[in-house]
1. Among the listed pairs Lys10/Lys110; Lys158/Lys332; Lys438/Lys493; Lys332/Lys368; Lys298/Lys538; Lys394/Lys538, give every one whose C-alpha distance is greater than 19 Å.
2. What are the trypsin sites (Lys or Arg not before Pro) within the range 58-123 that DSSP puts in a loop, where the Cβ has at most 16 other Cβ atoms within 10 Å?
3. Can you grab the distance from the C-alpha centre of the range 465-511 to the C-alpha centre of the range 39-105, Å, no decimals?
4. Over the Cα atoms of the range 2-116, how large are the radius of gyration and the largest Cα-Cα distance (Dmax), in Å?
5. Quickly rank 207-217, 438-448 as a protection proxy: mean count of other C-beta atoms within 10 Å, highest first.
6. Against the 2.2 N^0.38 Å scaling, with N counting residues, where does the range 181-244 land? I'd like the Cα-based Rg ratio to two decimal places.
7. Residue separation times 0.36 nm, minus the C-alpha to C-alpha distance between Asp516 and Val275: what's the value?
8. Name all residues of the range 80-106 having a backbone nitrogen under 12 Å from the label point set 7 Å from the Cα of Asn115 along its Cα→Cβ direction, giving them as ranges.
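Every number here is computed from the coordinates shown, using simple stated rules; none is lab data. Note that the structure is a prediction, hence the values are computed from the model and not measured. Reconstructed Cβ throughout: ideal geometry from the backbone, glycine too, with neighbour counts over all protein chains shown.
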Amino acid sequence: MAEGARRGAKRAILYTRVSTEEQARSGYSLAQQMEALRGYVAREGYEVLEEVSDAGQSGASLERPGMDRIRELVEAGGISVVLAQDRDRIAREPAYHYLLRKEFEEHGCKIRALNDRGDDSPEGELTDGILDQLAKFERAKTAERARRGRLRKAREGKIIATHTPAYGFVYNATRDGYLVNQETMPTVVRIFEYVAGGLSLRATAKAITRDGVPSPTGKQVWSSYSVRAMLLDDLYKPHAPDEIRGLVREGLLTADVAGRLDPSRPYGVWWANTVRDSTRTVSEPDEAGGRRYRKRRKTVPRPRMEWIAVPIDLTGSGLEREIVDLARATIKDNVRPSSAGGRFWEVAGLVFCTSCGRKIHTHTTRSKGTDRLYYYYQCDNREGCEAHPRLRAKKLEADVWHVIQSGLTDPDQLRADLDRMIELERSVVRGDPDREAKHWLERLSGAEEERRGFLRLAARGRITDEELDEELAALEETRQAAKRELGALQNRKERIEALKRDRDAVLEDYASRTPDALQALTPEERHQLYKMLRLSVKIYPGCNVEIAGAFPETADFLQGVTVSCRT
């Protein structure tokens, strides 16, 4: 009897999610969500197949490790329901709810949340859909109010505080303004004086490091990039009264804020609203045949007319306008010289340090006595890496080419390996791309139909202009989400097509060449071939090298080949 009851039990997956921002706030933890779900399934008699969590993942994307796991389990069959505490834990986009609901229904599974208001009837689905749109609209209004609040604060002459103040400053008591930090500002003054005196950016960074002064990021080593950024930041440039008035004429500073300034004091400028940031989660294949997830941030500069200037009192900083101008003029025409003597690095961007996980960079050194150049691939992570591998470029590149060249002599094995690489890329795509594209096209068509319906209601006076604007705004967000997903599907398709083209090019060109013809390839051609093969060169402690590709470990000619490249 007990066994029969178990077989007939409804099987559920419990899902919890919290974004990075929500983790910073209390009261909505993963543990609290899971506790509520366990209590519910215990009362309702569900059998829990698995508990899945997504920590630090946004609901604005379906590219989540936990959600991918759920989709795999549902696709395998036998799941009655995927249960979350709130509907927005599953997804924040109503269009994503629609897509997942359709996908799960094909496998006999439903999506449920403890805060569902409807049922399985068309009326219930309509109720939940309306509530989803209203919740999304409220979130959009909240985000817009926060954005407008930040802009209003900046126009009032107040800064937007972040985790750490700019170097040389501390926050005031209300955290909406900067005060000169008498402990760190002398270092800023020294940097300007060093560069104005003719010292290079790199020499300046080394001089400050020798003094034992922590960098702006808290590290012991200063970089020339930090020095350059400081020199070019208007925050450290004392502005004359006529320059402040010029900002008012440009519309970058309000006359009210400018009128409160003391003309006898020097003011730097902290800029607000200079860039537009967006972040999304993407998944991609890893070397082990699985998937890795990472955040992709996109930063787009805003036009200067949208910037907002916030004056910062520099009284007592010790910064002199003449020194600042001279230091800036010294680096104005700086162009980073090539220290490699025109050398092309064959495996640049393809070499990784296994000790710290970072990409290994190229380095060139010059012999003091003979001016001879030496070329290396070297890990730059001085604090987070224990191994600090350093390999002679010529030997590493020769060893990599020897391994790849030997693999190109067996076209049949090469074709099999490249086909496996394409299949791995396909495996990353969840569900059926064509069916998913069809769903998004239906959402686009449905949104357009709803838009026409609301316009007809407005024409008959059934809804107000404000209600029409709200509904059209919500529909436009749905349309944009559908377009983004259709674009992402197209990108995945194009990426697989590019892999196929690379496979065909390798087989038709490189695999058909004689050994002598392969040996005649230029460094640039070898580098292009490595990218087509999705080459990865991993450096282990002791400077042992593993050459692999983004395809299964069964690939014969790139099966963990190890060579020694110690200097």
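1. Lys158/Lys332; Lys332/Lys368; Lys298/Lys538
2. Arg117
3. One Cα centre to the other: 24 Å.
4. 13.9, 46
5. So the peptides 207-217, 438-448, ranked by packing, come out 438-448, 207-217.
6. Relative to the rule-of-thumb radius for its length, the range 181-244 sits at 1.16.
7. 81.5 nm
8. Correct set: 85-92.
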